[in-house]
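The values are calculated or read from the model by the stated rules, or taken from the named source; none is laboratory data. Note that the structure is a prediction, hence the values are computed from the model and not measured. Note that we place each Cβ from the backbone using ideal geometry, even for glycine, and neighbour counts take in every protein chain shown.
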């Protein structure tokens, strides 16, 4: 059983031999045309194929989170090495085996919250950007919190409604809490009057639907 | 027996002597007036006792004498007093009782004097009741104890008789009750237990019976008149023969008042044809005043009445709302049929009548509160709540705030339909401003008022500057300086314009530009004035030249620190026109822009006009309508249909003629109600955000509910903010990093510096 470490902490356990192995691994997927030292979207796709996971799979997102990836679709060398070291993987095969442990790791509520927050930031493409458009957010939410209460209806609501074209971190973060605290029949929604207006609108929408 | 006899007196002997004296006393009491005690006899009796008490034991007979003293009373009572009393009944019993009591008191007085020596030493030494008290106690235990019930019965019967209207001997009652009190020896216990308690119960019974009958038979006012009389009677009764401590108990604590008033309160108030609501409907001020007086007595007695009052006033107000709405709709229907566009609300319009009705209603019921309801704060509050409820409803799709602004406009403009003298006008304006207190959306009123004020000022249709200023002062007093700051700015701008006129003319002369188009320019400070539609208008050259001149002048004046943008939606142009005779036409700049091209062309199509004037269709159509379809047909249209279409062609109407030489061609303004509401909503959003930031800045951290409460409080004066709008504002501020949610407490907001 691998020892659990809080995500984002880079403490390479491998020795120098392992480090060079990681570099080699990185170079295999690295974007040759680009001047930056990153694995680009093509490389990521190739990596996913080798890992036998779909690029849109949740596990990939979890991997990105483990690496602390800043930009969607790109892994920098440092991120790549840090993430794989954390998982104790030096080869693709090992990485493949290690992926499911990530899923287990985020079962813990606190870790899930961190992952959830990360997911939002991951969607921000421009520097200084603070909002994510609703369609992207809906897709991302489905990936991050599959099966959690209200996720499906909320994603549907997000794409359907027209009041908000984008959502901010506050609304995103509040959704997780909403999903945890509010009962399925929405009976205790009013216990907390401070839900963002977006969630209030969702409650109205959901109530209307439940009546049908 | 000689005084100087040194032989000790035997008890029996001495007693026999005393008994003689006592018997004599009894005879006197029974009415034998021929007898009396001489001083000598009295001395003898006293001395006998003295001797018997000062003798040396075993001849010291103090103890026995004390006992026999008491016995003497008992005997007399047993033999004479009680039998006599037992023979009498009712009132006669009372009279006898009184007589006997007086007698007894005399007896006690004499005997205690005879036996006085006992009081001095014997009693004190042995801690016994003094002789006086013994006498009282004897009476109490023997007479009073037996008779009290019968006496009480007799008294209650008398009281009931008096209530039914008979005359009774009040002093007799007072005296007998005096007995009950005296017998208590300083405590009111006897009086209370043996009389008062029963009397109170009796009273309650009596009034319960009476009330039950009256409530069925009488109308509320009649009942109340009777009730008031009864209460007055009872009070008088207490004052005249009952003990003063009975008064509160009789009147209040669950007795007369309760039975008469409290028990039947709701019935009285709600009686179909004579209850409180009915009295209000029929304007029975006197009856209402009595009702108020009476229900003021029991605690919380006024609350139901105030509630009925409030409901009634609210209903009356809602009736006004309904009537006005119906009248307005009817009018619209009529006008639609006649084919005319809806005119601006005239003087006797249903809207203005509504406002006048509201004012009248307020005056009427304020008078009630002040006169009939003793200026009670409870009723003031009821009145306020009632007005607040219907003043915030819509009348024919307009808010009351808008109607009030229109009403003021009507009063203040020239040619308004109200022709009132100065004083009356002031009074009405004063009342309207006071009504403002009941409107929760005061900022809506402010917006409408400001728009209409602007129009009055810019078209010089204000009837009197003094009145305008007067209203602004009153508004400032009522709602604070912030409310009127913009409007005052507007008035100032106008004054500035007058001053600048002269300097502009001088500047023109200096520049040798005099002789151009005559023009007066009013510079409006943006922010004070309502926002007007920015239109680019293709004006005739001569007008453009004038505009450019002024812009130059203004730039020079302010060394290009401020920017002028021209407003063509207000202002007037005087155009000389020659039809059959020469006329002076007073037009809006837009109309002038449409008309003047006909100097150069005989016929112009809609499209050509649009190109020349650069006006949007909406405004062009309106202008053309005012020139071709309304009262003054300056242009003729081909085809001559009743509306403007984009395929029409226009030419100067050769048949135009009018009696007057100077004609003002009105261009009805588009008073967009929706736009005003939009502007107000926008301002409110800003106000809410500003309030939130202010509050959070000073508190640093605040819980959600608390924040809502404080925001509402801060903005109360101008409008009642909607919770949802506040939440949106909070969200928006979080978005812009003014606030953040606390990481641990989701309901707590923190201020981000």
Options A:163, A:170, A:135: the member that is exposed (fewer than 15 other Cβ atoms within 10 Å of the Cβ) and within 11 Å of chain B (Cβ to nearest Cβ)
A:163
Checklist (1) surrounded by 15 or more Cβ atoms within 10 Å (Cβ to Cβ); (2) at pLDDT below 85 applied to residue B:406, failing item:
(2)
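Yes or no, residue by residue, for (1) in contact with a helix residue (DSSP H, G or I) (Cβ under 6 Å, 6 or more places away or on another chain); (2) without any contact (Cβ under 8 Å) to a residue 60 or more places away in the chain; (3) exposed (fewer than 14 other Cβ atoms within 10 Å of the Cβ); (4) closer than 30 Å to residue B:678 by Cβ:
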residue	(1), (2), (3), (4)
B:448	yes, no, no, yes
B:451	no, no, no, yes
B:455	no, no, no, yes
B:470	no, yes, no, no
B:502	no, yes, yes, no
Residue under question is residue B:673, and the condition is that it be surrounded by 12 or more Cβ atoms within 10 Å (Cβ to Cβ), more than 14 Å from every other protein chain (Cβ to nearest Cβ) and within 30 Å of residue B:478 (Cβ to Cβ); does it hold?
yes
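Rundown of residues vs (1) in contact with a strand residue (DSSP E or B) (Cβ under 7 Å, 6 or more places away or on another chain); (2) over 18 Å from residue B:517 (Cβ atoms), yes/no style:
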site	(1), (2)
B:577	yes, no
B:584	yes, no
B:591	no, no
B:600	no, no
B:605	yes, yes
B:611	no, yes
B:614	no, yes
B:617	no, yes
B:622	no, yes
Is at least one residue of segment B:197-205 surrounded by fewer than 16 Cβ atoms within 10 Å (Cβ to Cβ) and at positive phi?
no
Could you say whether any residue in segment B:576-597 is closer than 19 Å to residue B:521 by Cα, assigned to a helix (DSSP H, G or I) and touching a residue at least 60 places away in the same chain (Cβ under 8 Å)?
yes
Can you tell me which residues in segment B:679-717 are without any contact (Cβ under 8 Å) to a residue 40 or more places away in the chain, surrounded by 13 or more Cβ atoms within 10 Å (Cβ to Cβ) and outside any helix (DSSP H, G or I)?
none
Starting from residues that are more than 11 Å from every other protein chain (Cβ to nearest Cβ) and surrounded by fewer than 19 Cβ atoms within 10 Å (Cβ to Cβ), keep the ones in segment B:718-731 and report whichever is farthest from the chain's Cα centre (by Cα).
B:722
Please find, within segment B:160-181, the residue that is surrounded by the fewest Cβ atoms within 10 Å (Cβ to Cβ) out of those that are out of contact with any helix residue (DSSP H, G or I) (no Cβ under 7 Å at 6 or more places or on another chain) and part of a helix (DSSP H, G or I).
B:171
Among (1) modelled with pLDDT under 85; (2) assigned to a helix (DSSP H, G or I); (3) in contact with a strand residue (DSSP E or B) (Cβ under 8 Å, 6 or more places away or on another chain), the one test that residue A:64 misses
(1)
From (1) farther than 23 Å from residue B:367 by Cβ; (2) modelled with pLDDT under 75; (3) in a loop (DSSP other than H, G, I, E, B), pick out the condition that doesn't hold for residue B:274.
(1)
Set B:561, B:572, B:551: member being surrounded by 13 or more Cβ atoms within 10 Å (Cβ to Cβ) and either within 55 Å of the chain's Cα centre (by Cα) or under 30 Å from residue B:444 (Cβ atoms) (or both):
B:572
Please go through segment A:23-42 and pick out each residue that is touching a helix residue (DSSP H, G or I) at 6+ places or on another chain (Cβ under 8 Å), modelled with pLDDT of 80 or more and over 26 Å from residue A:117 (Cβ atoms).
A:23, A:25, A:26, A:29, A:30, A:37
Every residue from segment B:504-515 that is outside any loop (DSSP other than H, G, I, E, B) and in contact with a helix residue (DSSP H, G or I) (Cβ under 9 Å, 6 or more places away or on another chain):
B:504, B:507, B:508
Within segment B:740-749, is even one residue more than 13 Å from chain A (Cβ to nearest Cβ) and more than 30 Å from residue B:578 (Cβ to Cβ)?
no
Out of curiosity, is residue B:712 more than 9 Å from chain A (Cβ to nearest Cβ), farther than 29 Å from residue A:128 by Cα and at pLDDT 90 or above?
yes
Would a scan of segment B:86-98 turn up a residue that is surrounded by fewer than 17 Cβ atoms within 10 Å (Cβ to Cβ), under 52 Å from the mean Cα position of the chain (by Cα) and not in a helix (DSSP H, G or I)?
no
With the requirement that a residue be closer than 18 Å to residue A:164 by Cβ, within 13 Å of chain B (Cβ to nearest Cβ) and part of a helix (DSSP H, G or I), what does segment A:189-212 give you?
A:197, A:198, A:199, A:200, A:201, A:203, A:204
Sole miss for residue A:147 among (1) under 23 Å from residue A:57 (Cα atoms); (2) at pLDDT below 85; (3) within 14 Å of another protein chain (Cβ to nearest Cβ) is condition (3)
Residue A:186 passes all but one of (1) within 13 Å of chain B (Cβ to nearest Cβ); (2) under 20 Å from residue B:704 (Cβ atoms); which number fails?
(1)
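Let's see how each residue does on (1) modelled with pLDDT under 80; (2) loosely packed, with under 14 Cβ neighbours inside 10 Å; (3) part of a helix (DSSP H, G or I); (4) within 60 Å of the chain's Cα centre (by Cα):
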position	(1), (2), (3), (4)
B:4	yes, yes, no, no
B:21	no, no, yes, no
B:46	no, no, yes, no
B:63	no, yes, yes, no
Counted residues in segment B:616-660 being loosely packed, with under 14 Cβ neighbours inside 10 Å and part of a loop (DSSP other than H, G, I, E, B) come to 15
Residue check: is residue B:734 closer than 22 Å to residue A:193 by Cβ, modelled with pLDDT of 90 or more and within 14 Å of another protein chain (Cβ to nearest Cβ)?
no
